[in-house]
Amino acid sequence: MENINKVVKTRCLALMNSKKTFLDIFNVMFSTDDYILGEWNDGYKINSITYLEAKKKIFDLAYSINQKYPDLKNQYVGIAMESSIEWVLSFWAILASGNKPYLVNLRHPKELVNHLLKSLSVEYVIEFDSKGYDAKGISYLELKEEAKDFTPSFQDEMALSTSATTLKEKIIFYNGLEISSQILNCKKILEENKQIKKHYKGRLKQLVFLPLYHIFGFMATYMWFSFFGRTMVFLKDYSKDAILYTIKKHEVTHLFAVPLFWNTIEKEILKGVKEKNKEKKFNKGLKLCIALQKAFPNYGIKISKKIMHEVTDSLFGKSVLFCISGGSYIKEDTLRLINGLGYPLYNGYGMSEIGITSVELGSITDRLKNSIGKPFESIQYEIKDNKLYVKGTSISHKMKINGEYIYTNDQYSTEDIVKKDKDNRYYILGRGDDLFIGPNGENINPDQIELLFHLPKANRYSVLNIENQLTLVIEISKYLSKDTIVEIYNDACECNNKLDSSLRVSKIYFTYDPIQAETAIKVSRQYLLKQFENKKVTLVKIDEIQKKNPNVIVNQEILDFIIKSFKEVLMVDTVSKDSNFFFDLGGSSLDYFSLISLLNQKFNINITFENEKNYHTPLDLALEVERLLSL
């Protein structure tokens with residue numbers, strides 16, 4: 001393996017001396033033939049593809065597109081696939097065919113996707129199987145023609161959409177220059193942090209856990225590392241067994257994910273430690289590991305995995321060397337635990353509109369402060385009225401919001417409330433439109449209050465300003481018993497009473513309606529307030545809670561299969577239609593991955609962990625399966 005420092009220097013120099021188009025990125029990325037671009041496991045063996053093999057397939061695909069669709073030029077073409085090597089090949093093939101890729105967010109409601117496709121005038125979407133979109137489907141498997149005397153004609157623009165927290169029709173556009181600027185930030189990153197470029201047994205392998213149609217997955221997971229000829233490892237599915245098996249079997253070194261993933265890992269570890277009655281030993285070991293890493297950074301990371309081997313051997317093993325959390329807020333306790341185990345976990349920041357703009361690159365002391373680090377070279381941060389404004393060469397040049405083009409020639413307001421310390425490290429404190437003026441006249445950040453509540457039996461919850469009162473809204477399953485709801489209420493009151501009087505919520509409401517957009521990775525308070533306004537979320541007080549009608553009509557065959565699946569995944573003998581996967585049967589979040597994967601395969605549907613829908617009972621899931629099958 002060629003020395004990574006030499007690779008970085010050579011490739012960055014080549015890109016800097018080019019026009020910085022997508023063609024230039026492609027030429028540098030695919031400049032070494034025998035490096036492995038991707039690996040995946042088919043259940044029997046590890047398959048792989050080199051950059052040379054991939055380059056040939058890309059040109060074959062582009063040639064096929066030109067031959068089969070000769071009128072398709074300088075148009076947007078959608079990619080409607082899960083993260084896979086085929087997704088990567090399709091992305092470059094669309095560009096090489098003289099067209100522009102639109103990264104279809106598969107978690108968006110079909111109606112929203114159709115609006116976005118229409119807004120971009122997308123006539124064709126490359127897919128494996130029909131998604132039922134209004135655009136015509138191009139079957140990936142039908143693009144088989146071999147390129148003959150083919151000269152690619154690269155386009156220089158791509159588009160993606162936000163995670164639709166507010167369900168706005170928002171499309172973000174990037175050209176090669178802006179993507180190049182983000183890639184070139186890596187040069188400085190690698191100089192400041194030696195850990196990020198470490199290899200295991202001579203290889204650097206990035207797990208493709210995040211969807212490639214999100215900016216975090218596309219930029220940080222794919223572009224940052226493939227540009228330097230490193231290897232992407234693709235998952236077969238998102239089941240617990242598949243994730244852990246893939247990490248160990250492929251000896252994955254880099255793992256980037258959203259806080260939800262890391263928080264789930266933390267819960268799983270703490271649950272296992274508690275069941276083994278080893279909490280005291282675990283906490284003592286964690287404290288020792290953090291102290292060792294502070295005193296001896298490199299040695300401390302290695303020895304931490306050995307000290308905590310009872311956990312790390314059953315988790316990710318020895319190969320994982322660098323982790324990033326991004327996309328929303330992460331708990332400091334989670335940062336402390338994952339870092340303490342010897343898996344360096346760094347907190348990063350970015351948005352669909354601005355790309356990835358910073359990540360904490362310092363020592364474990366800095367990482368545990370929950371900083372997002374300093375802005376990259378291509379970016380300038382400025383704080384105005386406590387809000388973060390961003391400008392630079394790597395942010396998107398235009399957006400299309402509800403059909404209207406917006407050009408980002410100046411600073412972009414993120415609407416995030418931030419602060420910076422004496423070392424110019426930045427910290428996200430919350431959203432500007434979420435702030436609440438407390439009784440003492442000071443601004444109160446609901447995010448900080450929300451983190452102080454611990455309500456594991458609730459689906460999700462949010463602290464927000466309703467009618468000028470700080471209010472806690474708790475989303476619950478419609479199948480929870482009265483006793484469980486009362487327990488959740490008492491837990492909320494206990495947490496609330498521990499807060500300073502100026503931070504306590506004034507009201508607590510429950511709702512059976514979803515308080516989060518199904519495409520979002522976190523609750524948007526503005527979205528939630530809009531749902532209240534449109535009467536799509538109904539709030540009830542604790543004394544108004546009554547049992548829901550148990551006589552729900554459901555397809556018995558679907559329900560029976562789901563009950564059988566509960567038994568298989570959790571290895572239990574008795575499951576009723578109202579048994580709660582987590583609270584009644586003791587299932588874990590990673591067990592839930594296995595269950596959802598099983599149902600998706602059986603019914604050919606797409607319930608995802610990323611949606612965090614939390615269908616917890618067989619009846620919950622049976623109704624959702626029926627709904628998806630009817631679409």
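The values are calculated or read from the model by the stated rules, or taken from the named source; none is laboratory data. Since the structure is predicted, the reported quantities are computational estimates derived from the model, not experimental observations. Here Cβ is always computed from backbone atoms with ideal geometry, including for glycine, and neighbour counts include all displayed protein chains.
Every residue in segment 583-601 that is within 23 Å of the chain's Cα centre (by Cα) and of a type in the set (A, V, I, L, M, F, W, C), please. Spell out the reasoning first.
Initial filter on segment 583-601 (within 23 Å of the chain's Cα centre (by Cα)): 587-601.
Correct list: Leu590, Phe593, Leu595, Ile596, Leu598, Leu599.
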What is the number of the single condition among (1) surrounded by fewer than 20 Cβ atoms within 10 Å (Cβ to Cβ); (2) more than 16 Å from the chain's Cα centre (by Cα) that Ile372 does not meet?
(1)
Filter result for the condition that a residue is outside the structural domain of Asn534 (by TED's automatic domain parsing), modelled with pLDDT under 95 and within 18 Å of the chain's Cα centre (by Cα), over Leu167, Leu207:
Leu167
Output the residues belonging to segment 456-482 that are over 16 Å from Glu544 (Cβ atoms) and not aliphatic (A, V, I, L, M).
Pro456, Lys457, Asn459, Arg460, Tyr461, Ser462, Asn465, Glu467, Asn468, Gln469, Ser477, Tyr479
Taking the condition more than 18 Å from Asn347 (Cα to Cα) and part of a helix (DSSP H, G or I), does Tyr245 pass?
yes
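For segment 222-242, name all the residues that are in a strand (DSSP E or B) and polar (S, T, N, Q). Before you say what the answer is, go through the steps one by one.
Residues of segment 222-242 in a strand (DSSP E or B): 231-234.
Of everything in segment 222-242, just one residue is in a strand (DSSP E or B) and polar (S, T, N, Q), namely Thr231.
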Give me the residue from segment 192-210 that is touching a strand residue (DSSP E or B) at 6+ places or on another chain (Cβ under 6 Å) and part of a helix (DSSP H, G or I) and, out of that set, nearest to Ala159 (Cα to Cα).
Ile196
Residue list for segment 32-52, filter: in contact (Cβ under 8 Å) with a residue 24 or more places away in the chain and among the aromatic types (Phe, Trp, Tyr):
Tyr35, Trp40, Tyr51
When you scan segment 540-555, do you find a residue that is over 17 Å from Ser477 (Cβ atoms) and at pLDDT 85 or above, even just one?
yes
Read through the list (1) outside any helix (DSSP H, G or I); (2) surrounded by fewer than 23 Cβ atoms within 10 Å (Cβ to Cβ), then give the number of the only condition that Tyr213 fails.
(2)
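Suppose we filter Ser589, Ser565 for residues that are at pLDDT below 90, among the polar types (S, T, N, Q), crowded, with 19+ Cβ neighbours inside 10 Å and not assigned by TED's automatic domain parsing to the domain that holds Ala242; which single one remains?
Ser589
For segment 470-501, how many residues are of a type in the set (Asp, Glu) and not in a helix (DSSP H, G or I)? Please lay out each step first, then the result.
Here is the first cut: in segment 470-501, the ones of a type in the set (Asp, Glu) are 475, 483, 487, 491, 494, 500.
Remaining after also requiring not in a helix (DSSP H, G or I): 475, 500.
Residues in segment 470-501 being of a type in the set (Asp, Glu) and not in a helix (DSSP H, G or I): 2 in total.
Within segment 344-361, restricting attention to residues that are in a loop (DSSP other than H, G, I, E, B) and touching a Leu at 6+ places or on another chain (Cβ under 8 Å), which residue is nearest to Leu177 (Cα to Cα)?
First pass over segment 344-361, keeping only residues in a loop (DSSP other than H, G, I, E, B): 344, 352-354, 360-361.
This time we only want the ones that are touching a Leu at 6+ places or on another chain (Cβ under 8 Å), so: 344, 352.
Values: Pro344: 31, Ser352: 16 Å.
My answer is Ser352.
At pLDDT 90 or above and within 19 Å of Tyr245 (Cα to Cα): which single residue out of Leu286, Leu315 fits that description? Step through it out loud before you land on a result.
Details: Leu286 fails: within 19 Å of Tyr245 (Cα to Cα).
From the options Leu286, Leu315, the qualifying one is Leu315.
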Pick from Leu292, Leu341: which is modelled with pLDDT of 95 or more, under 22 Å from Lys197 (Cβ atoms) and either out of contact with any His (no Cβ under 6 Å at 6 or more places or on another chain) or of a type in the set (Lys, Arg) (or both)?
Leu341
For segment 1-110, which strands (runs of 3 or more DSSP E) that fit wholly inside it have 1 or more residues that are buried (at least 21 other Cβ atoms within 10 Å of the Cβ)?
36-41, 76-80, 100-103
